[in-house]
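**Student:** After the structure tokens below, expect a handful of questions from me.
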2 protein chains.
Amino acid sequence: LIFLHISSTKTREIDDILVYTVATSETDGFQRYTRSAIEYGIKPNILGWGEGWKGGENIRYRPGGGWKINLLKKALEPYKDDKNRIVLFTDGYDVMFLSDLNTIIDAFKKTNARVLFGAESACWPDPELEKLYPVVESGKRFLNSGLYMGYAPDVYELLNYSPVKDTDDDQLFFTLGYLDEDLRTRLHFKLDYNSEIFQNLNGATSEVEMFPETNKEYTEYRLKNVVTHTQPLIVHGNGFSKTNLNALGNYLARAWTPEEECRHCKWGQIDLRRTLVKDLPTVVLALFFEMPTPFVEEYLMKIQDLEYPKERIHLFIHNNVKYHMPHVQSFVDQFSGRYKSFKQITPDDSIPEWTARDLSLDYCMQKDCDFYFVVDSIAHLDNPYTLQLLIEQNRTVVAPMLVRPEKAWSNFWGALTKDGFYARSHDYLDIVYNKRKGLWNVPFINTCYLVNATMLKKYDRTQLSYNKENFDADMAFCSNLNELDVFMYVSNRVDFGHLINPESYDVTRTAPDMYQIFDNARDWNQRYIHPDYPENFNPNKKTLQPCPDVYWAPIVTRRFCNDLISMMEAFGKWSEGKNEDERLTGGYEAVPTRDIHMNQVGWDPHWMIFLQRWVRPVQEHVFTGYFHDPPRSLMNFVVRYKPDEQPSLRPHHDSSTYTINIALNEVGKDYEGGGCHFLRYNCSVTDTKTGWMLIHPGRLTHYHEGLRVTKGIRYIMISFVDP
Amino acid sequence: LIFLHISSTKTREIDDILVYTVATSETDGFQRYTRSAIEYGIKPNILGWGEGWKGGENIRYRPGGGWKINLLKKALEPYKDDKNRIVLFTDGYDVMFLSDLNTIIDAFKKTNARVLFGAESACWPDPELEKLYPVVESGKRFLNSGLYMGYAPDVYELLNYSPVKDTDDDQLFFTLGYLDEDLRTRLHFKLDYNSEIFQNLNGATSEVEMFPETNKEYTEYRLKNVVTHTQPLIVHGNGFSKTNLNALGNYLARAWTPEEECRHCKWGQIDLRRTLVKDLPTVVLALFFEMPTPFVEEYLMKIQDLEYPKERIHLFIHNNVKYHMPHVQSFVDQFSGRYKSFKQITPDDSIPEWTARDLSLDYCMQKDCDFYFVVDSIAHLDNPYTLQLLIEQNRTVVAPMLVRPEKAWSNFWGALTKDGFYARSHDYLDIVYNKRKGLWNVPFINTCYLVNATMLKKYDRTQLSYNKENFDADMAFCSNLNELDVFMYVSNRVDFGHLINPESYDVTRTAPDMYQIFDNARDWNQRYIHPDYPENFNPNKKTLQPCPDVYWAPIVTRRFCNDLISMMEAFGKWSEGKNEDERLTGGYEAVPTRDIHMNQVGWDPHWMIFLQRWVRPVQEHVFTGYFHDPPRSLMNFVVRYKPDEQPSLRPHHDSSTYTINIALNEVGKDYEGGGCHFLRYNCSVTDTKTGWMLIHPGRLTHYHEGLRVTKGIRYIMISFVDP
Ligand SMILES: O=C(O)CCC(=O)C(=O)O
Ligand SMILES: O=C(O)CCC(=O)C(=O)O
Ligand SMILES: [Fe+2]
Ligand SMILES: [Fe+2]
Ligand SMILES: [Mn+2]
Ligand SMILES: [Mn+2]
Ligand SMILES: [Mn+2]
Ligand SMILES: [Mn+2]
């Protein structure tokens, strides 16, 4: 592997020391263990590999592990008289080396022990034994059997002081040995009370901290115990501290360093670029529409745009939202045939979320998929390489980090509270704001993630399901993964996309996405702001000026125009075009139009922010030196001109510093005639362009009129800014 | 004379009737009497003409007039047996005929009296006699001897029923005759209780009204008694009713008719146009500066501009106001030498008003003047022919009507209260508003009037003076004229000029006339509004437009500019040019100038009205369709640019809909550099013209800067309108 340029194997013959662990297969935790060993030039001997676990069931919560003693006993047989030989035993799935062996041996020798075990704060598995323990001045009193070391003859004697069954508890076995004062004395059997070498995390998570330590060559994160003021050399995520070890493991053993950043990211990473399509892994792509979601059309296009052969993808859709049926149906009609297979569950099927998600897992099994890829409707995969990159990351479970733009709300949690809910980890904000990029082992992910189906195949729905107690589907699934010791990684190595905020989405409105300018501004802009908008600021272009001080600028898309017209026509209460207008403060409008005000369709705050974000910069660009932020406006409305209703508007001034006049539909096609005539300049704009705005002074100089519409309907959107 | 085309002398031999009056000389009242007689074709016989009055002194307030009986007795001697001969006697100075003799004789014959006297409501001169009077059913009970008629033998018998001395009271004589029941019955001696013929006004002024009566040929005002429902044919302003008769006399006897208007105006009018200068009457022109008076410079120029040879004018000036010394002195230095003579009383002489006015009368006597012409400093004689026209009007005292423009305040009173103060006459408003033009006999005039010196020469300062009791000078003079039965006419036949309102004039200010825009708007405009201002609205001219939507218009005079600079430099507290500015509401100015705000020199209300009256119409003309009346403005200030102070102003917008920028001094002469640059149009106005304004949009389009002044001082006046 690739990390060996940082190697601290220097002078000592480290073959003198025998390092053992027990592992039956390559779990995520074992990979982490191995990587840490390699990092520090340690070559452990793996006992039990490929065998079935014989140390008892469910040993996280129940005693067991006697098998580990019997395996080591056998392994040490050849060294039982080798007096200088040092033996180091650690657990494998929940342990990391934080140092090379030289440092460990030096520290061991300073203890003058011949057998040294890690200590912990709880007396387990038999708390009754507590009173038999010797009293210590400081540090932890009780033996933990996950980390220990000693001279080969002494360790061997200890392992044999009494027979033990594979399913007996290893810790009870060693505890009783320790509590036997004769044996303890004879073997110089000690506990590492102050974590000079061994840090058991259970009950001690708040005592440890990471800190960056800079050596001559590089900086790496180290662990220190702030209570004992020691720097432990091996760490053990025993008991309930597994999540804590996961978090520490993102940095320790040079997983992430300030200089090289995510070193562990590259561990096991693969490259699919030269793989033939037919040899590419098959993926079940599972889309879930569990709530009304803004910008679903764009979401679906991003799904379709994923750079991964559709023929290697099985498409599974659960749509649980009636409002989205046309969107999904349109997508299905257009694209589903291109996928390797396709299955849809519609709102009419009335299938709840967790069941649908479980069905998608089953679909993966059924299709003998290689990967299972979930993309909920709020997950916008702006990066079309997301799926491919996640596969190449080669982890059991990996999620692309997705964040609500400009917010700290993401699709992962950095830490959990004791009862399993969101807690903010020390590095959460650095990660979501992309100040720290990498691959992060976290306790909770959702919305979008890739699962290696090898893992799925290991467990049936009694072990791995979205349906658990009264958890919601995501919580259920993550909780199961946590219990199965499957790591959930979230990657922010590149930008994969972002999250939609569905909270304020109100599908009882017409064109509800128009109202999402606040909660989903990025998507709103993408859909509704004219693609040429940035050209308004191109220093090599002059803004069009069809009449003196009347500027003409692309501002919104046709989609905006259509949606706005739909909103107004759905509302339908066009004004009478009379002078008396109870919508106005004064109750009187001298030059009335047939119109609907933005506030009548609840779109006033939205218009105001649009004005500030999009109109104001154009104003500042064309009317140099005029600054008024935020712009104010009390009169924002859509006007409808019709030959048989109100076809024109007589000359007038607007009560504005400047006026915005957006053409909402197309002259020559939707209507004939119309346009705006500026009388003092004898200048008209009649060839208006849909989605473009006229911006002109409202008062004093720009006396103007709306020209007669002779056929069809002309819609314009008017705003009197800074009245 | 000229009125005879209206003559009602038709069928009857009116030589059968003898009309008598007594008059010793031609007073104003006698002229009125004569005119009314001629109007109705009546030829009275004047008794006592050219003789000294022998009927007792002061007969207005004391008994007397027996002389009138003795004169008539003698005159009737030849007719004492002429049974069909009718005799009509009236007073002369206070009587008017309102009808021809036929109508009078018809009415007399209906009474079946042989002797008929007018009646009045008071028993005078001996109230004790009241109880001896017969009781009457209606009308007045008591005899008045000013109007009577009868058959010659009966009148003659009555005149001789008892001897009477010249200084005895005539009314007592006739009263006692009437109370003698034998005599009364024998002579068919009756009183005209109900004013069928004779209307004595004393005590009856509220019983009479004028009304226009239309005959076939013309309309004339008639008198009616609304109590008795009669239309009296002769009216007598006896006792305290002289002023009432004066007022009635302006209309009655066809003095003023709706068709021909002022017929009595032309009575006695002369024409000076062919008179040689050396033969023109000499005039004492007496100017009085009794209080600080706005626009005194213009006043003096109008005096100088009077179209009357200076060599026929003696100039008398009383200046009682220190503030006006430079104005008067400058006038004197320039022009006094051109007058026939010149006398000035200065503030240093400390002579009070009434004394000075009396001295001016004495000056007239001393110079043997023909006319005495007073023009107080508030009297603006806009019509240079005023003096000439007044002389030609040929009345004893005549004033040109002068009114405060747009106000009802004039230099005359149409009526008096009982205690001699202002009362509004029925026709006062019609006269001051020039709805009724003519020559009006009124009880009070002031400020400007012409007096025929013949009258002055009759009376010394015990009789005719500006010093009387505790009256002010004007009241004293008019009161004397009233007592002397001298009529005061005021003419509004043409427009002579107007009155200045000095009430708010505050000479403690610098350029106090600048503050007179409210109280003396016409004069203010004349002095301060650019003479080319009306050209701004000339439909054949285009307003200059040196930069897009920047207009350039003449607005104020150089005098305005100089006065405004003086105001500011006298105040002197130019701002620091810092961002912090406690004069502003926000306390902060982003683009500060060195300036003084209008409100710091108390000129804000004035500016606001200037803005409304003069700037706004230009704005409406150039920025068509924009109406905002009144304009609002919180920022009105004069800016001073100096190379070593603040020489320029960085690019900015103004907080205005439009901005006014008036050049107050002259580029190239007063300073070099400067001007206004409009950045968005890359256009500058540097050749600014004093008194011209730039008017330009303040915000949005007209980003602008003040260009660097390299030498001298540039002053501009800035106003941010409709912020
Ligand atoms: O018809 C147009 O383009 C002008 C509309 C307009 O001026 C207004 O609504 O105020
Ligand atoms: O110097 C000038 O003419 C411009 C002055 C100006 O823009 C201002 O005072 O706001
Ligand atoms: Fe408009
Ligand atoms: Fe300015
Ligand atoms: Mn164990
Ligand atoms: Mn363990
Ligand atoms: Mn008398
Ligand atoms: Mn009389």
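**Student:** Do any cysteines of chain B lack a neighbour Cys whose Cβ is under 4.7 Å away, and which are they?
**Tutor:** Unpaired cysteines in chain B: B:C123, B:C448, B:C478, B:C561, B:C676.
**Student:** Just need the Rg to Rh number for the stretch A:111-222, please, alpha carbons only, Kirkwood Rh.
**Tutor:** Ratio of gyration radius to Kirkwood radius: 1.03.
**Student:** Need one number: the % of Cα-Cα pairs in the stretch B:392-550 sitting beyond the 27 Å mark.
**Tutor:** Cα-Cα pairs in the stretch B:392-550 separated by more than 27 Å: 43 percent.
**Student:** Å³ per residue of the Cα convex hull, for the protein assembly as shown?
**Tutor:** Given the Cα convex hull of the protein assembly as shown, per-residue volume reads 329 Å³.
**Student:** So, in Å, what gap is there between the alpha-carbon centers of the stretch B:681-723 and the stretch B:495-558?
**Tutor:** So the two Cα centres are separated by 20 Å.
**Student:** Using all alpha carbons of chain A, what is the percent of pairwise distances in each 20 Å bin, ordered from the shortest bin to the longest?
**Tutor:** P(r) for chain A, in whole percents per bin: 15, 35, 26, 15, 7, 1.
**Student:** Projected onto the charge dipole of the protein assembly as shown (+1 at Lys/Arg Cβ, -1 at Asp/Glu Cβ, origin at the Cα centre), which of B:Q344, A:F97, A:Y715 gives the Cα projection farthest towards the positive end?
**Tutor:** Among B:Q344, A:F97, A:Y715, the one farthest towards the positive end of the dipole of the protein assembly as shown is A:Y715.
**Student:** How far is B:P258 from the same spot in each other copy, in nm, shortest first, if each label point sits 7 Å from Cα toward Cβ?
**Tutor:** List, nearest first: 11.0 nm.
**Student:** Ignoring ligands, DNA and RNA, what accessible area per residue does the stretch A:310-352 give at 1.4 Å, in Å²?
**Tutor:** 47
**Student:** A further question on this structure: Using +1 on the beta carbon of Lys and Arg, -1 on that of Asp and Glu, and nothing else charged, what's the dipole of the stretch B:392-465 about the Cα centre, debye to 20?
**Tutor:** Approximately 40 debye in magnitude.
**Student:** Now, a different point. Give the long-range amide H neighbours of B:C123: residues separated by 5 or more places, or on another chain, with amide H under 5 Å away, using H modelled in the peptide plane at 1.01 Å from N.
**Tutor:** Hits under the 5 Å cutoff: none.
**Student:** Now for a different question. By a straight-distance test (C-alpha under 18 Å), which aspartates and glutamates pair with B:K407 as possible cross-link partners, with residues fewer than eight away in the same chain excluded?
**Tutor:** The qualifying aspartates and glutamates are B:D382, B:D427, B:D430, B:D495, B:E503, B:D519, B:D523.
**Student:** Same structure again: Give the distance, in whole Å, between the Cα centre of the stretch A:302-368 and the Cα centre of the stretch A:372-428.
**Tutor:** 21
**Student:** On to the next question. Please work out the average accessible area per residue across the stretch B:538-664, using the 1.4 Å probe convention, and give it in Å².
**Tutor:** So the stretch B:538-664 comes to 43 Å² accessible per residue, rounded to a whole number.
**Student:** If you put +1 on each Lys and Arg Cβ and -1 on each Asp and Glu Cβ, how big is the dipole of the protein assembly as shown around its Cα centre, in Debye rounded to 20?
**Tutor:** Result for the protein assembly as shown is approximately 2300 debye, rounded to the nearest 20.
**Student:** Separate question: With label points built 7 Å along Cα→Cβ from the Cα atoms of A:Y433 and B:H621, find their separation and express it in nm.
**Tutor:** Going by the 7 Å Cα→Cβ label model, 6.3 nm.
**Student:** State, as an integer percentage, the relative contact order of chain B based on alpha-carbon contacts under 8 Å between residues 6 or more apart.
**Tutor:** Relative contact order of chain B: 9 percent.
**Student:** While we're on this one: How about the stretch B:245-349: which trypsin sites (Lys or Arg not before Pro) there are in a DSSP loop, with at most 10 other Cβ atoms within 10 Å of their Cβ?
**Tutor:** Of the trypsin sites (Lys or Arg not before Pro), the ones in loops of the stretch B:245-349 whose Cβ has at most 10 other Cβ atoms within 10 Å are B:R273, B:R274.
**Student:** Another question, if that's okay. Rounded to the nearest 500, what is the 222 nm mean residue ellipticity of the protein assembly as shown from helices alone, with -39500 (n - 2.57) per DSSP H run of 4+ residues and division by all residues?
**Tutor:** Calculated from helices alone, the mean residue ellipticity at 222 nm is -6500 deg cm²/dmol.
**Student:** So what is the accessible area of the stretch B:66-109 per residue, in Å², with the probe set to 1.4 Å?
**Tutor:** Result: 37 Å² per residue.
**Student:** Do any chymotrypsin sites (Phe, Trp or Tyr not before Pro) in the stretch A:455-500 lie in a DSSP loop with no more than 15 other beta carbon atoms within 10 Å, and if so, which?
**Tutor:** A:Y459
**Student:** Would you mind telling me the share, in percent, of accessible area of the stretch A:544-623 contributed by carbon and sulfur at probe 1.4 angstrom?
**Tutor:** C and S atoms contribute 48 percent here.
**Student:** Same structure, new question: For the stretch B:139-200, which whole percent of the accessible surface, found with a 1.4 angstrom probe, sits on carbon and sulfur atoms?
**Tutor:** Carbon plus sulfur share of accessible area: 46 percent.
**Student:** Report for the protein assembly as shown the percent antiparallel among DSSP-assigned beta bridges with both residues inside it, nearest 5.
**Tutor:** 70
**Student:** Further question on the same structure: Going by a 1.4 Å probe on protein heavy atoms, which residues of the stretch A:603-637 end up with at least 20 Å² less accessible surface in the whole assembly than in their chain alone?
**Tutor:** Residues passing the criterion (a loss of at least 20 Å², heavy atoms only) are A:F623, A:T624, A:G625, A:Y626.
**Student:** Over the whole of A:694-705, what's the average partner chain Cβ count within 10 Å per residue? Rounded to a whole number, please.
**Tutor:** That works out to 6 on average.
**Student:** Chain pair A, B: how much accessible area is buried, both chains summed, with a 1.4 Å probe, in Å² to 100?
**Tutor:** Interface between A and B: roughly 1500 Å².
**Student:** Right, next: Within the stretch B:675-723, what whole-number % of the accessible surface is contributed by carbon and sulfur, with the 1.4 Å probe and all protein chains included in the calculation?
**Tutor:** 50
**Student:** While we're here: How many angstrom lie between the Cα centre of the stretch B:599-670 and the Cα centre of the stretch A:620-651?
**Tutor:** So the two Cα centres are separated by 29 Å.
**Student:** Let me ask something else. Please give the average number of partner chain Cβ atoms lying within 10 Å of the Cβ of each residue in A:680-686, rounded to a whole number.
**Tutor:** 1
**Student:** Another question about this same structure. Report relative contact order for the stretch B:384-432 in percent, whole number only (criteria: Cα-Cα under 8 Å, sequence separation at least 6).
**Tutor:** Taking the mean separation of contacting Cα pairs over the length of the stretch B:384-432, I get 24 percent.
**Student:** Relative to the other copies, what are the label-point distances for A:P352, with labels 7 Å from Cα along the C-beta vector, expressed in nm at one decimal and sorted shortest first?
**Tutor:** 11.3
**Student:** State the answer as a single residue: which of B:A553, B:P502, B:P531 lies farthest towards the positive end of the charge dipole of the stretch B:485-555, with beta carbon charges of +1 for Lys and Arg and -1 for Asp and Glu, about the Cα centre.
**Tutor:** Farthest towards the positive end: B:A553.
**Student:** Quick one: with label points 7 Å out along Cα→Cβ, list the inter-copy distances for A:D419 in nm, shortest first?
**Tutor:** Inter-copy label distances (nm, one decimal, shortest first): 9.7.
The values are calculated or read from the model by the stated rules, or taken from the named source; none is laboratory data. The structure presented is a predicted model; accordingly, all values stated were derived computationally and were not measured. Using ideal geometry, Cβ is built from the backbone for each residue, glycine included, and neighbour counts are taken over all protein chains shown. For accessibility, only protein heavy atoms count, side chains too; no ligands or nucleic acids. Shrake-Rupley method; radii C 1.70, N 1.55, O 1.52, S 1.80 Å.
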